[in-house]
(Lines give C-alpha, C1' and ligand atoms only; values in the text may rest on other atoms or scores of the structure.)
Protein backbone atom coordinates (compact mmCIF):
# COMPACT_ATOMS: atom_id res chain seq x y z
CA UNK A 1 0.00 0.00 0.00
CA UNK A 2 1.39 3.37 -0.94
CA UNK A 3 1.29 6.13 1.66
CA UNK A 4 1.02 9.85 1.11
CA UNK A 5 2.22 12.65 3.34
CA UNK A 6 -1.31 13.05 4.60
CA UNK A 7 -1.60 9.47 5.93
CA UNK A 8 -0.11 10.05 9.38
CA UNK A 9 -2.33 13.06 9.97
CA UNK A 10 -5.33 11.07 8.83
CA UNK A 11 -4.53 8.24 11.18
CA UNK A 12 -4.40 10.72 14.04
CA UNK A 13 -7.87 11.97 13.22
CA UNK A 14 -9.30 8.47 12.96
CA UNK A 15 -7.69 7.09 16.12
CA UNK A 16 -7.54 10.09 18.39
CA UNK A 17 -10.46 12.11 17.16
CA UNK A 18 -8.25 15.17 17.04
CA UNK A 19 -10.77 17.36 15.23
CA UNK A 20 -12.50 19.72 17.62
CA UNK A 21 -16.23 20.40 17.60
CA UNK A 22 -15.49 24.04 16.83
CA UNK A 23 -14.05 23.13 13.47
CA UNK A 24 -11.76 25.05 11.13
CA UNK A 25 -12.75 28.57 10.14
CA UNK A 26 -13.54 27.73 6.53
CA UNK A 27 -16.65 28.02 4.39
CA UNK A 28 -18.87 25.07 3.60
CA UNK A 29 -17.94 23.27 0.39
CA UNK A 30 -20.61 23.83 -2.25
CA UNK A 31 -22.60 20.65 -2.79
CA UNK A 32 -21.80 19.18 0.64
CA UNK A 33 -24.53 19.02 3.27
CA UNK A 34 -25.35 17.56 6.65
CA UNK A 35 -28.77 16.89 8.19
CA UNK A 36 -30.35 15.64 11.41
CA UNK A 37 -33.14 13.17 10.73
CA UNK A 38 -33.88 11.57 14.10
CA UNK A 39 -33.37 12.02 17.84
CA UNK A 40 -34.15 9.17 20.24
CA UNK A 41 -34.51 9.39 24.01
CA UNK A 42 -33.98 6.31 26.20
CA UNK A 43 -35.44 5.50 29.61
CA UNK A 44 -32.51 7.16 31.39
CA UNK A 45 -33.00 10.46 29.58
CA UNK A 46 -30.09 10.11 27.19
CA UNK A 47 -30.22 11.16 23.55
CA UNK A 48 -29.07 9.48 20.37
CA UNK A 49 -28.83 11.66 17.27
CA UNK A 50 -28.66 10.46 13.68
CA UNK A 51 -28.72 12.06 10.28
CA UNK A 52 -27.43 12.01 6.74
CA UNK A 53 -24.34 13.59 5.21
CA UNK A 54 -23.08 14.06 1.68
CA UNK A 55 -19.65 15.10 0.45
CA UNK A 56 -20.76 15.09 -3.18
CA UNK A 57 -19.35 18.58 -3.63
CA UNK A 58 -15.92 17.52 -2.39
CA UNK A 59 -16.05 14.48 -4.68
CA UNK A 60 -16.82 16.68 -7.68
CA UNK A 61 -13.84 18.86 -6.78
CA UNK A 62 -11.64 15.76 -6.50
CA UNK A 63 -12.62 14.53 -9.96
CA UNK A 64 -12.12 17.97 -11.51
CA UNK A 65 -8.70 18.44 -9.89
CA UNK A 66 -9.85 21.24 -7.59
CA UNK A 67 -9.64 19.40 -4.24
CA UNK A 68 -6.39 20.59 -2.66
CA UNK A 69 -4.24 19.16 0.12
CA UNK A 70 -1.20 20.49 1.97
CA UNK A 71 1.95 18.74 0.73
CA UNK A 72 4.07 20.36 3.41
CA UNK A 73 5.58 22.63 0.79
CA UNK A 74 2.36 24.15 -0.50
CA UNK A 75 -1.05 23.23 -1.81
CA UNK A 76 -1.60 20.74 -4.63
CA UNK A 77 -4.57 18.87 -6.14
CA UNK A 78 -5.30 15.44 -4.71
CA UNK A 79 -4.28 13.06 -7.54
CA UNK A 80 -7.23 11.30 -9.16
CA UNK A 81 -7.42 9.12 -12.27
CA UNK A 82 -10.54 7.94 -14.08
CA UNK A 83 -11.34 4.48 -12.76
CA UNK A 84 -10.19 5.21 -9.21
CA UNK A 85 -12.60 4.23 -6.45
CA UNK A 86 -13.08 6.63 -3.56
CA UNK A 87 -14.25 6.77 0.04
CA UNK A 88 -14.55 10.24 1.57
CA UNK A 89 -14.82 10.43 5.35
CA UNK A 90 -15.69 13.24 7.75
CA UNK A 91 -16.37 13.84 11.45
CA UNK A 92 -20.13 14.30 11.09
CA UNK A 93 -21.46 13.64 14.60
CA UNK A 94 -20.49 17.02 16.06
CA UNK A 95 -23.69 18.38 17.55
CA UNK A 96 -25.47 20.16 20.38
CA UNK A 97 -28.94 19.12 21.57
CA UNK A 98 -31.02 21.40 23.79
CA UNK A 99 -34.50 21.16 25.27
CA UNK A 100 -36.42 23.57 27.53
CA UNK A 101 -37.04 22.28 31.05
CA UNK A 102 -39.61 24.53 32.67
CA UNK A 103 -39.77 28.28 32.17
CA UNK A 104 -36.11 29.12 32.68
CA UNK A 105 -34.05 25.93 32.70
CA UNK A 106 -32.48 24.33 29.62
CA UNK A 107 -31.15 20.79 29.27
CA UNK A 108 -28.21 20.65 26.87
CA UNK A 109 -25.55 18.22 25.75
CA UNK A 110 -22.71 18.73 23.28
CA UNK A 111 -21.14 15.79 21.48
CA UNK A 112 -17.76 16.03 19.75
CA UNK A 113 -16.94 13.47 17.06
CA UNK A 114 -14.13 11.05 17.88
CA UNK A 115 -14.22 8.89 14.77
CA UNK A 116 -14.63 9.68 11.09
CA UNK A 117 -17.27 7.90 9.05
CA UNK A 118 -18.01 7.89 5.31
CA UNK A 119 -19.68 10.90 3.73
CA UNK A 120 -19.36 9.77 0.11
CA UNK A 121 -18.32 6.47 -1.45
CA UNK A 122 -17.96 4.82 -4.83
CA UNK A 123 -16.88 1.53 -3.23
CA UNK A 124 -17.94 -0.34 -0.10
CA UNK A 125 -14.52 -1.90 0.57
CA UNK A 126 -12.16 -0.09 2.94
CA UNK A 127 -8.34 -0.25 2.78
CA UNK A 128 -8.26 -2.85 5.59
CA UNK A 129 -10.52 -5.17 3.61
CA UNK A 130 -13.69 -4.51 5.60
CA UNK A 131 -16.95 -3.18 4.22
CA UNK A 132 -18.62 0.07 5.22
CA UNK A 133 -20.80 -0.87 8.23
CA UNK A 134 -24.60 -0.80 7.88
CA UNK A 135 -25.03 2.08 10.33
CA UNK A 136 -22.94 4.27 7.99
CA UNK A 137 -24.11 2.76 4.71
CA UNK A 138 -23.92 4.98 1.65
CA UNK A 139 -24.30 2.73 -1.35
CA UNK A 140 -25.05 2.85 -4.22
CA UNK A 141 -22.80 5.65 -5.43
CA UNK A 142 -24.19 9.08 -4.70
CA UNK A 143 -26.57 7.93 -1.97
CA UNK A 144 -26.12 10.10 1.16
CA UNK A 145 -24.29 8.37 3.99
CA UNK A 146 -25.80 7.88 7.43
CA UNK A 147 -24.23 9.09 10.66
CA UNK A 148 -25.22 8.75 14.28
CA UNK A 149 -23.91 9.34 17.81
CA UNK A 150 -20.57 7.56 17.81
CA UNK A 151 -17.44 7.04 19.87
CA UNK A 152 -14.03 5.68 18.94
CA UNK A 153 -14.09 1.86 18.78
CA UNK A 154 -17.79 1.74 19.76
CA UNK A 155 -19.46 -1.38 18.32
CA UNK A 156 -22.90 -0.35 17.07
CA UNK A 157 -23.82 -3.82 15.84
CA UNK A 158 -23.06 -5.46 19.19
CA UNK A 159 -24.25 -2.71 21.54
CA UNK A 160 -26.95 -0.86 19.67
CA UNK A 161 -27.36 2.95 19.67
CA UNK A 162 -25.03 5.08 21.80
CA UNK A 163 -26.62 7.73 24.04
CA UNK A 164 -25.39 11.06 25.40
CA UNK A 165 -26.40 12.31 28.86
CA UNK A 166 -26.70 15.84 30.19
CA UNK A 167 -25.62 16.87 33.68
CA UNK A 168 -28.49 19.39 33.57
CA UNK A 169 -31.25 16.80 33.61
CA UNK A 170 -32.96 14.12 31.58
CA UNK A 171 -34.16 14.63 28.04
CA UNK A 172 -37.78 13.77 27.30
CA UNK A 173 -39.67 12.93 24.15
CA UNK A 174 -40.91 16.04 22.40
CA UNK A 175 -39.39 19.02 20.66
CA UNK A 176 -35.60 19.43 20.78
CA UNK A 177 -33.23 21.83 19.05
CA UNK A 178 -30.18 20.38 17.32
CA UNK A 179 -27.22 21.99 15.57
CA UNK A 180 -24.70 19.75 13.82
CA UNK A 181 -21.66 20.09 11.62
CA UNK A 182 -19.46 17.83 9.51
CA UNK A 183 -15.76 18.61 9.90
CA UNK A 184 -12.61 17.66 8.03
CA UNK A 185 -12.09 15.32 5.10
CA UNK A 186 -10.17 12.04 4.89
CA UNK A 187 -9.76 10.91 1.29
CA UNK A 188 -9.15 7.24 0.49
CA UNK A 189 -8.47 6.41 -3.17
CA UNK A 190 -8.28 2.86 -4.53
CA UNK A 191 -6.37 2.55 -7.81
CA UNK A 192 -6.83 -0.10 -10.48
CA UNK A 193 -3.61 -1.82 -9.28
CA UNK A 194 -5.38 -2.29 -5.89
CA UNK A 195 -3.13 0.17 -4.04
CA UNK A 196 -4.58 2.88 -1.83
CA UNK A 197 -3.56 6.51 -1.43
CA UNK A 198 -4.84 8.51 1.52
CA UNK A 199 -5.00 12.24 2.22
CA UNK A 200 -6.22 14.20 5.21
CA UNK A 201 -7.62 17.68 4.55
CA UNK A 202 -8.43 19.60 7.71
CA UNK A 203 -9.98 22.37 5.64
CA UNK A 204 -12.34 19.85 4.06
CA UNK A 205 -16.08 19.41 4.24
CA UNK A 206 -17.71 21.84 6.66
CA UNK A 207 -21.43 21.29 6.20
CA UNK A 208 -23.67 22.65 8.95
CA UNK A 209 -27.32 22.36 9.93
CA UNK A 210 -29.60 23.64 12.66
CA UNK A 211 -33.11 22.30 13.17
CA UNK A 212 -35.92 21.59 15.61
CA UNK A 213 -37.59 18.19 15.55
CA UNK A 214 -39.53 15.83 17.75
CA UNK A 215 -37.49 13.36 19.82
CA UNK A 216 -39.01 9.90 20.05
CA UNK A 217 -38.64 7.04 22.52
CA UNK A 218 -35.98 4.47 21.74
CA UNK A 219 -37.05 0.85 21.48
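Within the stretch 155-180, being at pLDDT 95 or above and closer than 28 Å to residue 59 by Cα holds for 178, 179, 180.
Taking the stretch 37-69 as the range and being part of a strand (DSSP E or B), surrounded by 23 or more Cβ atoms within 10 Å (Cβ to Cβ) and within 15 Å of the chain's Cα centre (by Cα) as the test, the residues that pass are 49, 51, 53, 54.
For residue 185, the test of being modelled with pLDDT of 95 or more, buried (at least 17 other Cβ atoms within 10 Å of the Cβ) and part of a loop (DSSP other than H, G, I, E, B) is failed. Residue count for the stretch 160-179 under the criterion of being more than 20 Å from the chain's Cα centre (by Cα) and either surrounded by 15 or more Cβ atoms within 10 Å (Cβ to Cβ) or closer than 21 Å to residue 219 by Cα (or both): the result is 10. Applying the condition of being in contact with a helix residue (DSSP H, G or I) (Cβ under 8 Å, 6 or more places away or on another chain) and outside any loop (DSSP other than H, G, I, E, B) to the stretch 70-88 and asking which residue is farthest from residue 213 (Cα to Cα) yields 86. Among the candidates 44, 7, the residue that is out of contact with any helix residue (DSSP H, G or I) (no Cβ under 6 Å at 6 or more places or on another chain), farther than 17 Å from residue 175 by Cα and at pLDDT 95 or above is uniquely 44. Taking the stretch 85-108 as the range and being under 24 Å from residue 183 (Cα atoms) and buried (at least 20 other Cβ atoms within 10 Å of the Cβ) as the test, the residues that pass are 86, 87, 88, 89, 90, 91, 92, 93, 94, 95, 97.
Checking each residue in the stretch 60-91 for being touching a strand residue (DSSP E or B) at 6+ places or on another chain (Cβ under 9 Å) and more than 23 Å from residue 145 (Cβ to Cβ) picks out 65, 70, 75, 76, 77, 79, 81. Which of (1) surrounded by 13 or more Cβ atoms within 10 Å (Cβ to Cβ); (2) more than 23 Å from residue 218 (Cα to Cα) does residue 142 not meet, given it meets every other one? (1) is the only condition that residue 142 fails.
State the number of residues belonging to the stretch 188-200 that are surrounded by 15 or more Cβ atoms within 10 Å (Cβ to Cβ) and assigned to a loop (DSSP other than H, G, I, E, B). Number of matching residues: 1.
The values are calculated or read from the model by the stated rules, or taken from the named source; none is laboratory data. Keep in mind it's a predicted model, so treat the numbers as computed, not measured. Positions of Cβ are generated from backbone atoms using ideal geometry, with glycine treated the same way; all protein chains shown enter the neighbour counts.
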